[in-house]
Amino acid sequence: MTGTWTVQRATHLDPRSPFVLDTHELGRRPGSMRTVQRTVPAPEDLGTDVIGILAGSDLELDLRLEAVMEGVLVSGSVRGRAVGECVRCLEEVVEDVDVTFQELYVYPERAAVAVEDGDDDEDVRELEGDLVDLEPALRDTVVPVLPFQPLCGPDCPGLCSECGARLADDPDHTHEILDPRWAALGGLTSTQDDTKES
């Protein structure tokens, strides 16, 4: 039996997803380009344990899709609002996120040639048919720019270690703390006061 076999990959992406873009109209003509602007709901878990963009909140995408020899180059910006809590006083922190990114999505046959040549790069993203999945690239772009330890202000004094009061609300907040080495003497003075009264 002779002939060539063509293996077609099944498309796993949902073209209705707000993060999936169709590149069909670029037609694999290097230099052809189109722009996309859309506001999409943020996906789940877009952030860290202490700060992130809330699921369903608006993400503004301003993108350029350009056909190149290897695939489709997607570049642009993503804007949103991250919400978290201050690591010192636990108050709400709101950070505007505005970050640019650039990602190459290679044609499947180019990826296969790279694997055969031993140039396998785990970070290479591959087109599925004519579809591009932006969500992983957006995560890789947004999460690293979020503050590792968000603060409500650079000089946040935090919480009182004795009672948990927010020190920014009462800058003169103090507690009378007795040195434990003198505590026994405090007990003697109260005993002497009792003796004098009787």
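The values are calculated or read from the model by the stated rules, or taken from the named source; none is laboratory data. Please read all numbers here as calculations on a predicted model, not as lab measurements. Every residue, glycine among them, receives a Cβ derived from its backbone with ideal geometry; neighbour counts consider all protein chains shown. Protein only, heavy atoms only, side chains kept; ligands, DNA and RNA dropped before computing areas. Shrake-Rupley method; radii C 1.70, N 1.55, O 1.52, S 1.80 Å.
How would you rank 158-167, 56-65, highest first, on the average number of other Cβ atoms within 10 Å across their residues?
Numbers: 158-167: 12.7, 56-65: 15.9.
Descending packing order for the listed peptides: 56-65, 158-167.
Quick one: work out Rg over Rh on the C-alpha atoms of the stretch 14-118, Rh as Kirkwood radius.
Rg/Rh for the stretch 14-118 comes to 1.10.
Viscosity 1.306 mPa s, temperature 10 °C: what is the translational diffusion coefficient of the stretch 48-98 from Stokes-Einstein with a Kirkwood Rh over Cα pairs, rounded to a whole number of µm²/s?
In µm²/s, the coefficient rounds to 121.
Let me check something: with ligands and nucleic acids excluded, how do 29, 38 order by accessible area (1.4 Å probe), largest to smallest? Walk me through the numbers before you get to the answer.
Working: 29 130, 38 85 Å².
Putting 29, 38 in descending order of accessible area: 29, 38.
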